[in-house]
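One structure is given below, encoded as structure tokens.
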Amino acid sequence: GCVLDGKLYPFGEIARTDNCFRCSCSQDAMRCCSLFHTPTGYDKENCKVVFNKKSCNYDVVQKSDPSKECFVYSRV
């Protein structure tokens, strides 16, 4: 298998690792792609970015009230 962040994964396709990546593990190498997109377009003055490991995505919330989401108009 392949080791990523100290965890052993079997050969083949890995739909989701503990750190939110989709990987392909072979005898030659392990190739991974992120399952999340980083927010780039949002109100940076009033909002902050928080990684949500459960949904494998970034939440953008108000700094003054993290229970309220902010509008995100672009991600990469």
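A short reminder: the numbers here are calculations on the coordinates, not readings from a lab. Remember, predicted model here, so these are calculated numbers, not experimental data. Cβ sites come from the backbone with ideal geometry, for glycine too, and all protein chains shown count toward neighbours.
When +1 charges are put on Lys and Arg Cβ atoms and -1 charges on Asp and Glu Cβ atoms, the dipole computed for the stretch 26-76 relative to its Cα centre reaches about 80 debye. Residue by residue, the stretch 60-71 carries 3J(HN,Hα) couplings of 10, 10, 5, 5, 6, 8, x, 7, 10, 7, 10, 6 Hz when phi is fed to the Karplus relation 6.51 cos²θ - 1.76 cosθ + 1.60 (θ = phi - 60°); x denotes Gly or Pro.
With the Cα gyration tensor of the chain giving a ≥ b ≥ c as the square roots of its eigenvalues, does the rule (a/c under 1.5 for rounded; else a/b larger than b/c for prolate; else oblate) give rounded, prolate or oblate? Cα axes put the chain in the prolate bin. Note on residue 7: lysines with a C-alpha under 23 Å away, same-chain residues under 8 apart excluded, are 53, 54. Estimated from the Cβ-Cβ distance and a Förster radius of 30 angstrom, the FRET efficiency linking residue 62 and residue 32 is about 0.40.
Count charges around residue 70 for me, please; just the other residues with Cβ under 11 Å from its Cβ, Lys/Arg as +1, Asp/Glu as -1. Computed value for this residue: -1.
The amide H of residue 4, built 1.01 Å from its N in the peptide plane, has 9 as neighbours under 5 Å, considering only residues 5 or more places off or on other chains. Counting only residues at least eight positions apart within a chain, or on another chain, the lysines with an alpha carbon under 16 Å from that of residue 68 are 44, 48. With contacts taken as Cα pairs under 8 Å at a separation of at least 6 residues, the chain carries a relative contact order of 22 percent.
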